[in-house]
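Here is the structure we will look at.
The values are calculated or read from the model by the stated rules, or taken from the named source; none is laboratory data. Just so you know, these numbers come straight off a predicted model, no measurement behind them. Ideal geometry is used to build each Cβ from the backbone, glycine not excepted, and the neighbour counts take in all protein chains shown. With ligands, DNA and RNA removed, areas are computed over all heavy atoms of the protein, side chains included. Shrake-Rupley method; radii C 1.70, N 1.55, O 1.52, S 1.80 Å.
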Amino acid sequence: MMNHIPVITIDGPSASGKGTVAQRVANTLGFHYLDSGALYRLVALAGLQHDIDWQDGSALGDLVPHLNVHFDGEQIFLNNHEVSAQVRSEQMSQGASQVAVHPQVRKALVSWQHRLRQLPGLVADGRDMGTVIFPDAQCKVFLTASAEVRADRRFKQLSQCKVAADYQAILQDLQARDQRDRERSSSPLVQAADAHLLDTDTLNIEQAVAQVLDWYQKSI
Ligand code: C5P
């Protein structure tokens with residue numbers, strides 16, 4: 001019996017800022033935080049390390065129970081090696097989006113995600129948190145922004161880190177990932193019927209966080 005433990009789900013397309021918003025909401029409430037995208041990124045990385053093709057859903061699904069993963073704040077460890085930077089690389093953004101289409105991979109990750117529902121509560125971000133993984137969540141948010149605004153934010157982020165970036169390439173990559181996420185048959189990216197829509201085109205992070213906290217307080 002876990003469903004007395006509150007969950008806030010924040011789903012939405014790539015680079016919509018949901019990770020930052022989810023983390024800040026979790027910190028404010030003292031809740032746990034699940035970055036479900038990191039799990040798909042880890043599967044892509046482990047596949048690469050084991051020479052498993054990202055198109056081979058069955059072999060990737062079989063690999064999941066054998067992964068030795070742990071999170072320590074912002075750091076991610078796979079088989080006791082720190083892989084945080086690799087997991088967040090553009091290569092793994094691409095890989096995650098490809099391994100995430102396989103039902104075998106999605107199924108293997110379900111119990112892993114459910115285990116993170118612990119007191120005093122959980123904020124979970126991803127694509128299917130409110131629709132598939134935590135359909136009984138107390139407060140659901142679908143956080144979005146136009147592809148152009150998201151590409152612009154990503155471009156500025158990379159430029160600030162002095163990483164060479166091409167706006168058009170970023171925009172095309174985001175659109176390709178959006179399309180793959182929305183069109184896959186297994187747990188596609190879709191707004192849950194009972195989710196609040198939060199369009200952040202004209203909102204900053206603080207305003208988005210305040211809105212999610214307000215919805216959560218009203219749901220208690
Ligand atoms: O959120 P993030 O960009 O890190 O996710 C990487 C990829 O993992 C996404 O493009 C998506 O294809 C996949 N994903 C998913 N379901 C989730 C979280 C992420 O399919 N719950």
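Need one word for the range 152-220: rounded, prolate or oblate. Basis is the Cα gyration tensor (sqrt eigenvalues a ≥ b ≥ c); a/c below 1.5 gives rounded, then a/b vs b/c decides. Present the calculation step by step, with values, prior to reporting the outcome.
Numbers: a/c = 3.42, a/b = 1.31, b/c = 2.61.
The shape class here is oblate.
As a test of understanding, state the convex hull volume per residue of the range 7-204 from its alpha carbons, in Å³. If you can, show how the numbers build up before the last one.
Working: hull volume 24.3 nm³, N = 198.
Convex hull volume per residue, Cα atoms: 122 Å³.
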**OP:** Take every Cα pair under 8 Å in the range 50-137 that's 6+ residues apart, average their separations, divide by the length, and report that relative contact order as a whole percent.
**Re:** 27 percent
Original post:
Taking the chain as a Gaussian network, where each spring joins two C-alpha atoms under 10 Å apart, which residue of ALA192, ALA165, ALA44 fluctuates the most?
Top reply: ALA165
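Could you work out what % of the accessible surface of the range 7-204 is carbon and sulfur, using a 1.4 angstrom probe and leaving DNA, RNA and ligands out of the count?
On the way: 4730 of 9320 Å².
The nonpolar share, carbon plus sulfur, comes to 51 percent.
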Original post:
Per residue, how many Å² of accessible area does the chain show with a 1.4 Å probe?
Top reply: 49 Å²
**OP:** Please work out how much length the chain gains when fully extended from SER84 to GLN49, using 0.36 nm per residue of separation minus the C-alpha to C-alpha distance, in nm with one decimal.
**Re:** 11.1 nm
**OP:** Take every DSSP beta bridge with both residues inside the range 7-204 and express the antiparallel ones as a percent of the total, to the nearest 5.
**Re:** 25 percent
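From the Cα gyration tensor of the range 52-121, with a ≥ b ≥ c the square roots of its eigenvalues, which class applies: rounded if a/c is under 1.5, or else prolate if a/b is larger than b/c, or else oblate?
Values: a/c = 1.76, a/b = 1.19, b/c = 1.48.
Oblate.
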**OP:** Place a +1 charge on the Cβ of each Lys and Arg in the range 7-204 and a -1 charge on the Cβ of each Asp and Glu, then give the dipole magnitude about the Cα centre in debye, rounded to the nearest 20.
**Re:** 280 debye
Original post:
Between the range 107-179 and the range 63-80, what is the C-alpha centre distance in whole Å?
Top reply: 19 Å
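From Cα pairs below 8 angstrom and at least 6 apart in sequence, can you work out the relative contact order of the range 135-213, rounded to a whole percent? Mind showing how you got there, number by number?
Values: 56 pairs, mean separation 35.6, N = 79.
Computed value for the range 135-213: 45 percent relative contact order.
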